[in-house]
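Note sheet for the following structure.
The values are calculated or read from the model by the stated rules, or taken from the named source; none is laboratory data. Treat the numbers as computed from the prediction; the structure is a model and nothing was measured. FYI the Cβ positions are ideal-geometry reconstructions off the backbone, even for glycines, and counts take in every protein chain you see.
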Amino acid sequence: MTDDREHFSLDDIQAPATKGRYVDVSDVSVLELVPGLSFQPVLAESTMINFVSFEPDTEAPRHAHQEEQIVIVLEGEMEFDLDGDVRTMRAGDVAVVPPWVPHGAWTRDTTCREVDVFNPPRRTLLEHARGPADNGAGPIAGPGPG
């Protein structure tokens, strides 16, 4: 069983591949693929987090993809269809979507703010997450200072 010493250990530390960075999500440009549904993806080395905002009566159409996805509702609520199992998700609720499992979401008369975690990064969001000129210095694409 893991204890605090094992969990917070520096014993097996290796050289980092890149530097860490801070990202102000309000600086991440918004991608709107469906009216009322906005994405703000942040890219790491092998994982992507995507801040998602739904306006009332907005749908993310049912779809499937190769990337594993974890959906975390931050505020508001939405209906979520996980391979035909439809549930109302509210703040604090989490859905785990394995690769190729059909899913979709929609709001009724409320907004919803949620976060999607993708591993590996969602292929269709990579270009937007990397930014217009991926020189490694932007708030999304590169390690940046510090």
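So the values come out like this:
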{"quantity": "The stretch 71-95 residues that are at positive phi and without any contact (Cβ under 8 Å) to a residue 60 or more places away in the chain, paired with ones that are not in a loop (DSSP other than H, G, I, E, B) and not polar (S, T, N, Q) (beta carbon under 7 Å, 6 or more apart)", "calculated": "G76/C112; G76/R113; D83/H103; G92/V73"}
{"quantity": "Candidate set: the stretch 102-123, residues that are surrounded by 15 or more Cβ atoms within 10 Å (Cβ to Cβ) and of a type in the set (V, I, T); chosen: the one farthest from D57 (Cα to Cα)", "calculated": "V117"}
{"quantity": "Enumeration of residues in the stretch 40-70 that are more than 13 Å from L125 (Cα to Cα) and free of Cβ contacts under 8 Å to residues at least 40 places away in the same chain", "calculated": "E45, A64"}
{"quantity": "Conditions (1) under 17 Å from the mean Cα position of the chain (by Cα); (2) buried (at least 16 other Cβ atoms within 10 Å of the Cβ); (3) modelled with pLDDT of 95 or more; number of the one not met by R130", "calculated": "(3)"}
{"quantity": "Qualifying positions in the stretch 39-69 - of a type in the set (V, I, T) and surrounded by fewer than 16 Cβ atoms within 10 Å (Cβ to Cβ)", "calculated": "T47"}
